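The values are calculated or read from the model by the stated rules, or taken from the named source; none is laboratory data. Quick caveat, the model's predicted, so the values are computed rather than measured. So basically every Cβ, Gly included, is an ideal-geometry build from the backbone, and we count neighbours across all protein chains shown.
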Amino acid sequence: MVPVNIQTLIVSAAPSPSIIVLQPVEDVPQEGKFRIVPIWVGVNEATQMGIALEQARFSRPMTHDLFLDALTNLDARIDHVVINDVKGSTFFARLTLRQHDRLIDLDARPSDALALAVRQKAPIYIEESVLERASFPYVLKREGGDINAEQELSEFRRFLDEIAPEDFEA
């Protein structure tokens, strides 16, 4: 398993999918080259991820917050998340809970598992085989080069816009 971070969240208006972009933590870039894993999600899932990333709080509990409150009352917490498979453009995840010394493994949508992991600051992993099949190279240009950060971000977004779910099909 390879640890990953959420590099960015790109929220699109429906009917276009939004994208959660994962990046391996231990990836040692060679000459500024990184790998990324884009996961397409719906607008509702992207909204929940955005809420988690921004640590937003509301007067009434949202679904993910309710789930975490229930876990806390059962003396459990999110231990970790693993993105464990990809078939075409569909990703699969396992959400592992810890209740004392007991680990409980649950099948979960990646968007839900990631949103919960972010809320509890739990580690996120991806299976190496999934990383190999679903990752794309990305070249990060260094400051002082011939491109500024705004242009670089624009190029990165263009790169993500050009990736299609069909690119994941074997």
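Odds and ends about this structure:
- Output for segment 32-48, where each listed residue is charged (D, E, K, R) and farther than 17 Å from ARG133 by Cβ: LYS33, GLU45
- Single match in ILE83, ILE39, ILE51 (criterion: of a type in the set (A, V, I, L, M) and not in a strand (DSSP E or B)): ILE51
- Scanning segment 95-122 for residues that are assigned to a strand (DSSP E or B) and closer than 16 Å to PHE67 by Cα yields a count of 10.
- Leading residue by the ranking (modelled with the lowest pLDDT) among those in segment 128-163 that are basic (Lys, Arg) and in a helix (DSSP H, G or I): ARG157
- For the criterion of being under 30 Å from GLU152 (Cβ atoms) and either touching a strand residue (DSSP E or B) at 6+ places or on another chain (Cβ under 9 Å) or of a type in the set (Ser, Thr, Tyr) (or both), ILE104 fails.
- Counted residues, segment 26-46 - those being of a type in the set (Val, Ile, Thr), modelled with pLDDT under 90 and surrounded by 12 or more Cβ atoms within 10 Å (Cβ to Cβ): 1
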